[in-house]
């Protein structure tokens, strides 16, 4: 039985339950913790975060995948405390949101060094917290093209995935052909990769969804709630119905197994004000009612948030199959 690392310890993949696959407890750019304008006490961060995750749990949410990479405000001790207070499983990430968020120490590191870093955080732990990462984060730097550093991170992530069985989540699904080539060159099955943010406003026209799916990859519809209908929408926003119909094209064509869904919420933003009016609970308060109104049955909704997630975490790579003796 596949076990998945949460910050409080491993659980069976079948225990993940309703999962939002791409979220953030608190995300900021490197150095934001030093900006006194945006500095927050632990009490302030708790006040912003705990009610959102408790509401998530009350709606039926069970697992929160935190896709915050190294250098972006990741705090495992804090995550452990939140998990204990709310009862929500929190899965932390190793890896980087993109090469342009990697501080100099990591930006100049080799593929081998980065691989060791990721594997250590997946199998030994992150810092002195005792908590282990459960996923690997990679990303495209600004400009919508993978840089040399991005590619080193992708290759290290592929090697760490092969060694540990942990899946990979990408920041943005653009320049997919370059990413696919690098990952396949490392021998990683694309079923282990979720190409994220394929649904955001700035990525439209830049994502080869057919190429991703035909290679075996999964599509991330994970910016739900960042609607242009908000009073002060973000630059990556998109009209609500346009994003919704994008997802529905997959469901209507019998490809529900190819997508995973989330809100990319930032519970307590670090170094910036965040987007007012947007939380993880958009999934329950807006998206799921919209799906039901459009005729999507509960079995398909469960597939999106439960079945597809469990499959994503349990699909084995060749190396992990060998190590398990299967």
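Derivation of every value follows stated rules applied to the coordinates shown; laboratory data play no part. Everything quoted here is computed from the prediction, not taken from an experiment. Here the Cβ is made from the backbone with ideal geometry for all residues, glycine too, and neighbour counts use every protein chain on show.
Considering the Cα positions of the stretch 124-243, please state its Rg to one decimal place and its Dmax as a whole number of Å.
For the stretch 124-243, the Cα-based Rg and Dmax read 15.4, 46 Å.
Which distance in nm do the two modelled labels at residue 103 and residue 47 give, with both placed 7 Å along the Cα-to-Cβ direction?
It works out to 2.8 nm between the two label points.
Run the paramagnetic zone check for residue 35: 7 angstrom along Cα to Cβ, then residues of the stretch 141-166 with backbone nitrogen under 20 Å.
The answer is 141-143.
Please check: in the Gaussian network model of the chain (C-alpha springs, under 10 Å), which one of 141, 214, 20 has the largest mean-square fluctuation.
Ranking 141, 214, 20 by mean-square fluctuation puts 214 first.
What is the distance in Å between the Cα centres of the stretch 26-77 and the stretch 256-291?
14 Å
Which whole-percent values make up P(r) of the stretch 22-76 when all C-alpha to C-alpha distances are grouped in 5 Å steps starting at zero?
Bins of 5 Å from zero give 4, 17, 24, 25, 17, 8, 4, 0 percent of pairs.
By DSSP, what percent of the beta bridges with both residues in the chain are antiparallel, rounded to the nearest 5? Don't skip to the end; give the middle numbers.
Values: 4 of 26 bridges.
If we restrict to bridges inside the chain, about 15 percent are antiparallel.
Jot down the radius of gyration and Dmax of the stretch 168-326, Cα atoms only, both in angstrom.
That works out to 16.5, 55 Å for Rg and Dmax.
What is the chain by shape, rounded, prolate or oblate, if you read a ≥ b ≥ c off the alpha carbon gyration tensor as root eigenvalues and call it rounded for a/c under 1.5, prolate for a/b larger than b/c, and oblate otherwise? Could the numbers behind the result be given before it?
Values: a/c = 1.23, a/b = 1.07, b/c = 1.15.
Because its axes are fairly even, with a/c under 1.5, the chain counts as rounded.
Please rank 124, 275, 97, 202, fewest neighbouring Cβ atoms within 10 Å first, as an exposure proxy.
Neighbour counts put them in this order, fewest first: 124, 202, 275, 97.
Using all C-alpha to C-alpha distances in the stretch 9-168, build P(r) with 10 Å bins and read off the rounded percent in each one.
Bins of 10 Å from zero give 11, 38, 35, 16, 1 percent of pairs.
Among 41, 94, 178, whose mean-square fluctuation peaks in a Gaussian network model of the chain (Cα, cutoff 10 Å)?
In the Gaussian network model the winner is 41.
Distance between the C-alpha centers of the stretch 82-122 and the stretch 188-249? Whole Å please.
Each part reduced to its Cα centre gives a spacing of 23 Å.
Picking from 69, 187, 295, which is most flexible by a Gaussian network model of the chain using Cα springs under 10 Å?
Judging by the Gaussian network model, the answer is 295.
Using Cα pairs under 8 angstrom and six or more residues apart, how large is the relative contact order of the chain, in percent?
That works out to 20 percent.
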